[in-house]
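Worksheet for the structure shown next.
Rule-based calculations on the coordinates, nothing more; no lab input. All of these numbers come straight from a predicted model, not from anything done at the bench. Note: ideal-geometry Cβ built from the backbone for every residue, glycine included; neighbour counts use all protein chains shown.
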Amino acid sequence: MKYVSTRGAANLGQFSDVLLMGLAPDGGLAMPESIPTFSPAEIEALRGLSYPDLAYAVMRPFISDIPEADLRALLHATYTEEAFHSREITPLTPLGDSGLYLLELSNGPSLAFKDMAMQFLGHVFEYTLEKRGQRLNILGATSGDTGSAAEYAMLGKPRVNVFMLSPQGRMSAFQQAQMYGLNEPNIFNIAVEGVFDDCQDLVKEVNGDAEFKEKYDIGAVNSINWARVMAQAVYYFKGYFALGLPAGAEADFSVPSGNFGNVFAGYLAKRMGLPIGRLLVASNENDVLHEFFSTGNYHVRPAAQVAQTSSPSMDIGKASNFERYLYLIAGSDAIQTKGWWDEVGASRPVNLQGSAHWDAVQASGFSAGRSTHADRLATIKRIDTQFGRLIDPHTADGVLVGEQFKRPGVPMVCLETALPAKFEETVIEAVGRAPERPARFAGIEKGERFCEVLPNDVAVLKAFIAGKLDK
Ligand SMILES: *Cc1c(COP(=O)(O)O)cnc(C)c1O
């Protein structure tokens, strides 16, 4: 399988090349040259496979440059009961007889769904770097979930170092403890005196220095990485099969969304032939995506207009992976996609209403909803009371929208994107008690912290990185 850019670069190489690439040289995102599809009979043949074997079947058509035995071994090393605390890896739990289900994606090392793809990334990075005799220094910015998922995924991977920037004092106590509690030779936590956007700007500035980037093998694991999107498609298949529907019957999925990576993976599964009916994009107060799917107007918000909410991992003003979706909607037309993103890049809205592209959007099965802090609290409380099940604020956004769009006779699978333990403050506000915490995280707030505080200054950051690598 060859990869191309959403903005026109004809050949980006194969899977391993785009794995290590980040953005394409023309500023676009990597996409496979075509989307492989399964026939209904081929879909049925996947039913009953274990998670790693299913992952192999779903990913294999996208990866032609890793030998079969190696890829199988990588997937079996990634998706283990030991890492995900469940033999099913992503168990499916019905909410009473409401027809709503929770697809549990958050039983991995960092208690958020980002582990599902990031754990695979850790293994496949190490494998690919070993083959190529290379090293990689991941520089990232996090407001919480990405950073911890990346750090847990790269633990004990000698060819990879992680330099993770986070806004000093701005993450939940649990998130801070989870990251800063790691004392590992290849993990460097850097608390920046600033906000999340400052961290992100620092990453951009370092990446803008081509010489530094090259000299120190700087790479990324952000949500535009194709391997993350592809790995996430697998659990849509797993969740669908766990419903036990007759062959060909449809299921709907509701997905708490920020950067559009998770729900895009669902769209990929649908395009591959999985009988998904509707894909629901759940937003919080930052409702760029809700606005688009309701009106056809894609109007990104500058960082200063992004509200801080109680589902913070969805606080985005610009959904990076959305470019992949519109590229497919345009029939893989890179010239059209580039035209749109020139507008987006110049902070001008793109409006599809009334065009053939808008018809394609509506035919694609997407709908969207939004929720507020009050909705979130009410949903957490209602699901706890009705079904005896505590959910986290992000999952609550998805459940609310799932309820709103529930079709009679069609199961609605709501993706659980984090465990409530990760967002204790909001859960306590909703139900008046603290959520249960996995035993391995008991009392982590009390442990020692391993974290460097740096000023919001790119020269200081570069000197810090160079100091660690120049030994
Ligand atoms: C990252 C994240 C999201 C948003 O996922 P996207 O792929 O960015 O749309 C939702 N919920 C939680 C808990 C997350 O960590």
Checklist outcome for this item: Under the helix-only model (-39500 (n - 2.57) for each DSSP H run of 4 or more, divided by the residues of the chain), the mean residue ellipticity at 222 nm, to 500 deg cm²/dmol, is -12500 deg cm²/dmol
Checklist outcome for this item: Most exposed first, judged by fewest Cβ atoms within 10 angstrom, Val255, Val160 run Val160, Val255
Item to check | Qualifying aspartates and glutamates (Cα of each under 17 Å from Cα of Lys238; at least 8 residues distant if same chain) | outcome: Glu42, Glu44, Asp53, Glu81, Glu88, Glu104, Asp115, Glu250, Asp252, Glu416
Checklist entry - At what distance in angstrom do the alpha carbon centres of the stretch 166-202 and the stretch 296-361 lie from each other? => result 29 Å
Checklist entry - Any idea how far the Cα center of the stretch 60-134 sits from the one of the stretch 371-410, in Å? => result 26 Å
Item to check | Relative contact order [Cα under 8 Å, 6+ residues apart], the chain, whole percent | outcome: 18 percent
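Using the structure shown, list the pairs from Lys215/Lys462; Lys270/Lys406; Lys2/Lys213; Lys157/Lys215; Lys114/Lys468; Lys213/Lys462 with a Cα-Cα distance above 22 Å, or answer none. Before the final figure, lay out each step's value.
Values: Lys215/Lys462 12 Å; Lys270/Lys406 18 Å; Lys2/Lys213 26 Å; Lys157/Lys215 20 Å; Lys114/Lys468 27 Å; Lys213/Lys462 10 Å.
Violating the 22 Å Cα-Cα cut-off are Lys2/Lys213; Lys114/Lys468.
Within 14 Å, Cβ to Cβ, of Asn284, how many net charges do the neighbouring residues add up to if Lys/Arg are +1 and Asp/Glu are -1? Spell out each step's value before the answer.
Values: positive: Arg301, Arg370, Arg376; negative: Glu285, Asp287, Glu291, Asp315, Asp375, Asp392, Asp397.
Surrounding charge for Asn284 is -4.
Which order do the peptides 455-461, 233-239 come out in when sorted by mean C-beta neighbours inside 10 angstrom, highest first?
Details: 455-461: 14.7, 233-239: 25.9.
Going by the mean number of other Cβ atoms within 10 Å, highest first, we get 233-239, 455-461.
State the antiparallel share, in %, of DSSP beta bridges confined to the chain, rounding to the nearest 5. All intermediate terms of the calculation are to be shown ahead of the outcome.
Numbers: 11 of 47 bridges.
Of those bridges, close to 25 percent are antiparallel.
With a Förster radius of 45 Å, plug the Cβ-Cβ distance of Ala360 and Ala69 into 1/(1 + (r/R0)^6) and report the FRET value to the nearest 0.05. Mind dumping the intermediate values first?
Numbers: r = 40 Å, r/R0 = 0.89.
That gives a FRET efficiency of 0.65.
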Checklist outcome for this item: Quick calc: nm separation of the 7 Å Cα→Cβ label points for Glu436 and Gln308 -> 3.2 nm
